[in-house]
1. Report, ordered by the first and then the second residue, all pairs with beta carbons closer than 8 Å, sequence separation of six or more or different chains, a first member in the stretch 40-57 that is of a type in the set (Val, Ile, Thr), and a second member that is open to solvent by less than 60 Å² (accessible area, probe 1.4 Å).
2. So how many residues does the stretch 24-48 have that are exposed (fewer than 11 other Cβ atoms within 10 Å of the Cβ) and among the polar types (S, T, N, Q)?
3. Can you tell me how many residues within the stretch 1-33 are within 14 Å of the chain's Cα centre (by Cα), among the aliphatic types (A, V, I, L, M) and in a loop (DSSP other than H, G, I, E, B)?
Amino acid sequence: MIVKYFKENYHFPLRCFIYLGITGTLRFIIVSHENPIANFVFSLVILVLMISYLMLTFERSQ
């Protein structure tokens with residue numbers, strides 16, 4: 001992350017924060033899996049993060 005910070009002219013790209021959000025949510029689902037409704041909500045959060053990542057990727061390619 002530090003190398004990415006210096007390569008991107010001293011700021012973090014939004015993609016890095018999306019990666020961190022997806023990873024953190026997946027870890028939370030793996031650790032606490034007692035409540036199925038909460039797991040479903042967290043999976044929806046991952047879906048929203050993935051859609052936002054795809055939107056960023058398609059925006060940069062055009």
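The values are calculated or read from the model by the stated rules, or taken from the named source; none is laboratory data. This one's a predicted model, so the numbers in the text were calculated from it and none came from an experiment. In this analysis, Cβ positions are derived from the backbone assuming ideal geometry, glycine residues included, and neighbour counts consider all displayed protein chains. Remember, those area values only see protein heavy atoms, side chains included, never the ligands or the DNA or RNA. Shrake-Rupley method; radii C 1.70, N 1.55, O 1.52, S 1.80 Å.
1. Here the result reads Val45/Gly21; Val45/Thr25; Ile46/Ile22; Ile46/Thr25, each pair linking the stretch 40-57 to a residue that is open to solvent by less than 60 Å² (accessible area, probe 1.4 Å).
2. The number of residues fulfilling the criteria is 1.
3. Summing the residues that are within 14 Å of the chain's Cα centre (by Cα), among the aliphatic types (A, V, I, L, M) and in a loop (DSSP other than H, G, I, E, B) in the stretch 1-33 gives 0.
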